[in-house]
Structures are given as structure tokens and as C-alpha cells.
Amino acid sequence: MNKITKKRQQFLINSAFQLSVIRQMLVLTGLVIGIFYAANFYHFWSLKAQGLALGLPPTHVFFRFLQEQQRTMDLIFIVTALLTLLTIVGFGLFLSHRVAGPLYRLKQYLAETPVEGQAQELLKFRDGDYFPDVADAINSRLSKSSKTSSTP
């Protein structure tokens with residue numbers, strides 16, 4: 001029977017960095033949601049002011065209609081804001097993982113002590129990670145160093 005090994009998924013590789021990225025994305029998202037909510041509020045306030053300017057009494061059906069519409073829009077706004085925040089957290093985690101993962105792997109690689117007489121393994125990042133050129137540059141540099149040190 002074949003054993004299937006499960007890779008352990010670590011959601012926060014560099015928690016300080018990743019939480020900082022997610023926090024900044026959430027602040028920006030909150031700002032955008034706030035701006036849209038303010039625009040929506042202003043729209044309904046403006047319609048109410050127009051109704052009053054036309055001389056409609058505050059008990060007119062128009063104002064009840066506006067109030068119902070604003071309540072509906074507020075509910076829609078709350079649901080979409082929560083979905084947006086969840087999406088942003090997920091995307092922030094995914095994006096920061098692609099940055100923090102290679103840096104974590106690089107740190108581990110540089111901390112490894114190579115076995116004497118054996119060439120150090122090449123540095124590899126996961127498919128889809130950012131900065132594959134950094135791994136290539138380090139591998140190139142190490143191969144040049146090993147050629148230089150092996151020549152008498």
C-alpha cells in the first residue's frame with residue numbers, strides 16, 4: 001500500500017511581515033468601503049433633502065420608501081463589505097506567502113552548514129513563488145565561488 005505523505009501547510013511563515021501586509025490591505029479596504037458608504041449615505045440624504053425642498057411632508061410615502069431603500073442598501077453594504085474583507089484577508093495571506101516563503105527558504109539555506117567535500121545543493125523555491133531570480137543569482141554566485149576555491 002502506497003503511503004501518501006501530506007505536506008504540512010504553514011499559513012504564516014513570517015508572521016510579523018505577513019500580518020503587516022494583511023493589516024495594511026485591511027486598512028486600505030476599510031478606507032475604500034468607508035468612502036463608498038459615505039457616498040451612498042450622501043445619495044440618500046440628498047434625495048431626502050430634495051423631497052423636503054419640494055414641500056413633501058415628512059410622513060409622505062416617498063420618505064418611507066427612501067428609508068426602506070436605504071435599509072436595504074445598508075444590508076447589502078454590510079454583506080458585501082464582509083465578503084470583501086474576507087477576500088482581502090485570503091488574498092493578502094496568499095500574496096504574502098509567496099514573498100515570505102522564498103525569504104524563509106533563503107534564510108534556511110544560508111544557515112545550512114555544507115558537508116565538507118560535498119557541493120552544496122542548489123537553492124530552489126516553490127513553483128509560483130516570487131523572486132526565482134534571487135535563487136538563480138545565489139546559485140550562480142556559489143558555483144563561481146566553488147570553482148574559484150577549487151582551483152589551485
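In this structure, I13 does not qualify as in a helix (DSSP H, G or I), surrounded by 15 or more Cβ atoms within 10 Å (Cβ to Cβ), β-branched (V, I, T) and in contact (Cβ under 8 Å) with a residue 24 or more places away in the chain.
Taking the condition touching a Leu at 6+ places or on another chain (Cβ under 9 Å) and either part of a helix (DSSP H, G or I) or among the charged types (D, E, K, R) (or both), does G51 pass? Here the answer is yes, as G51 does meet what is asked. Among residues of segment 29-44 that are touching a residue at least 12 places away in the same chain (Cβ under 8 Å) and part of a helix (DSSP H, G or I), those with a beta-carbon under 7 Å from a residue that is hydroxyl-bearing (S, T, Y) and surrounded by 13 or more Cβ atoms within 10 Å (Cβ to Cβ) at least six positions away or on a different chain give the pairs T29/T84; I33/T84. How about segment 83-96: which of its residues are surrounded by 11 or more Cβ atoms within 10 Å (Cβ to Cβ) and either over 9 Å from the mean Cα position of the chain (by Cα) or aliphatic (A, V, I, L, M) (or both)? T84, L85, I88, V89, L93, L95, listed by residue number.
On the given criteria, is P152 outside any helix (DSSP H, G or I) and modelled with pLDDT under 95? So P152 passes the test.
Does T113 satisfy the condition of being outside any helix (DSSP H, G or I) and either among the β-branched types (V, I, T) or surrounded by 15 or more Cβ atoms within 10 Å (Cβ to Cβ) (or both)?
Working: outside any helix (DSSP H, G or I): yes; either among the β-branched types (V, I, T) or surrounded by 15 or more Cβ atoms within 10 Å (Cβ to Cβ) (or both): yes.
When the stated conditions are applied, T113 passes them.
The values are calculated or read from the model by the stated rules, or taken from the named source; none is laboratory data. For clarity, every value in this text was computed on a predicted model and none was experimentally measured. Methodologically, a virtual Cβ is constructed for each residue, glycine included, from the backbone with ideal geometry; neighbour enumeration extends over all protein chains shown.
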